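The values are calculated or read from the model by the stated rules, or taken from the named source; none is laboratory data. Here the structure is a predicted model, which means the values were calculated and not measured. Counting neighbours? That spans all protein chains shown, and the Cβs are built from the backbone with ideal geometry, glycine included.
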Amino acid sequence: MTPGEELLFCALGGSGEIGMNVNLYGMQGQWLMVDLGLTFADPDYPGIDLILPDLEFIEKQRDKLAGIVLTHGHEDHIGAIPYLAADLKTPLYATPFTAGLIAEKLEEEGLTGQVKLNVIARDASFEIGPFKLTYVALAHSIPEGNGLLIETPHGRIFHTGDWKIDETPVLGEPSSHEALERVGDQGILALVCDSTNVFQDAPSGSEAGVHEGLRNEVARAKGRVVVTTFASNAARLQTIGRVATETGRKVCMAGRSLDRIVRVAKSTGYLLDFPEIIGFDEAMRLPRKEVLIMATGGQGEQRAALGRIALGNHDIKLTEGDTVIFSSKIIPGTRRRSAGS
């Protein structure tokens, strides 16, 4: 199928499932791809860690793929880039924080320079083939969550990516009611919308509301405290760092993805007042009440830092009286893995 004068939409992944987001828009002989993510395997796939989308459809038309635009930096939206983008031979477009995460992924795979990565300013408009695009800031659990306004001769499409309503997101810009109203007032042909837990009636709550409860729990702890959360939630990392400072604790981080997020966040203007990070050896030497450890593994991943700490296979050791706080919810699709860990 080659796009003609009509406007086409084709979801190659992410529709009706958690993860692996890949969406195609077609028009005037060219395709635009929005996001290129992966998903994580569950116990039904023993020995398999990652699942990549099937791109056979667009691989046969890679000469007609004008570009890949990324809405935000979660793995289910950018995680497949190191494995598939070089073969597609088309440029990538992302805002600075997301682009920083992608650049590190490409460097790790030895692909720096093989994939063109274009850094687009937030709220900027740009063109890819026959498509005119504008990033629209939306709050999410990672900096620089964006919706995408796609303008075509057939009408405007608003592709939201993942999002939440949060007036005080701690980091990044909140979703602007005025901006969304302007998008609607311009007229929308189609809204392509996806966000985990969107059908739950209760509000998700604001990121700023986490601080007090987390501080109270850490303040009453007598020994070491381990807080596990999503590494990509830089706003939560900011909150945890603030709590550590307020409760007189040094911060130690366990997990490569945490290191990466903090490094990229600082390089793009976030987490500039984050406390100094100490190493594992110092964390184990300090009095237990003076240490707060941020760890990956809140979804029960056995190879993440928290799983290794629990099994005694990590430099960080816990003893009776230490406290582990899960500052995260279980992602749909990972309940079985978490329950069995």
Output the residues belonging to segment 175-209 that are more than 23 Å from the chain's Cα centre (by Cα), within 26 Å of G19 (Cβ to Cβ) and exposed (fewer than 13 other Cβ atoms within 10 Å of the Cβ).
-> D201
Hey, can you tell me all the residues within segment 122-154 that are assigned to a strand (DSSP E or B), of a type in the set (G, A, S) and either touching a His at 6+ places or on another chain (Cβ under 9 Å) or not assigned by TED's automatic domain parsing to the domain that holds A99 (or both)?
-> G147
Taking the residues in segment 270-294 that are in contact with a Cys (Cβ under 9 Å, 6 or more places away or on another chain) and touching a residue at least 60 places away in the same chain (Cβ under 8 Å) as candidates, determine which candidate is surrounded by the fewest Cβ atoms within 10 Å (Cβ to Cβ).
-> V291
Which of the residues that make up segment 91-121 are part of a loop (DSSP other than H, G, I, E, B), in contact (Cβ under 8 Å) with a residue 12 or more places away in the chain and of a type outside the set (D, E, K, R)?
-> P91, T95, L111, Q114, I120, A121
Considering residues that are surrounded by 15 or more Cβ atoms within 10 Å (Cβ to Cβ) and at negative phi, the number found within segment 295-317 is 14
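What residue, among those in segment 155-174 that are part of a loop (DSSP other than H, G, I, E, B) and in contact with a strand residue (DSSP E or B) (Cβ under 7 Å, 6 or more places away or on another chain), is surrounded by the fewest Cβ atoms within 10 Å (Cβ to Cβ)? Working first, answer last.
As a first pass, look at segment 155-174 and keep what is part of a loop (DSSP other than H, G, I, E, B): 160-174.
Now narrow it down to the ones that are in contact with a strand residue (DSSP E or B) (Cβ under 7 Å, 6 or more places away or on another chain): 160-161, 163, 173.
On the way: T160: 21, G161: 25, W163: 23, E173: 16.
Ranking the qualifying residues of segment 155-174, first place goes to E173.
For segment 177-203, name all the residues that are polar (S, T, N, Q) and farther than 18 Å from D76 by Cβ.
Here is the first cut: in segment 177-203, the ones polar (S, T, N, Q) are 186, 195-197, 200.
The answer is Q186, Q200.
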Just checking, how many residues over segment 76-89 are surrounded by fewer than 22 Cβ atoms within 10 Å (Cβ to Cβ) and in a helix (DSSP H, G or I)?
-> 6
Matching residues, segment 243-298, being in a helix (DSSP H, G or I), closer than 25 Å to A103 by Cβ and of a type in the set (D, E) = D259
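Does V227 satisfy the condition of being among the hydrophobic types (A, V, I, L, M, F, W, C) and over 22 Å from A137 (Cβ atoms)?
Details: among the hydrophobic types (A, V, I, L, M, F, W, C): yes; over 22 Å from A137 (Cβ atoms): yes.
Judged against the criteria, V227 is a match.
Table: residues versus (1) basic (K, R); (2) modelled with pLDDT under 95; (3) crowded, with 17+ Cβ neighbours inside 10 Å; (4) under 15 Å from S232 (Cβ atoms).
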position: P91; (1), (2), (3), (4): no, no, no, no
position: G100; (1), (2), (3), (4): no, no, yes, yes
position: K116; (1), (2), (3), (4): yes, no, no, no
position: A124; (1), (2), (3), (4): no, yes, no, no
position: E127; (1), (2), (3), (4): no, no, no, no
position: H140; (1), (2), (3), (4): no, yes, yes, yes
position: E144; (1), (2), (3), (4): no, yes, yes, yes
position: T152; (1), (2), (3), (4): no, no, no, no
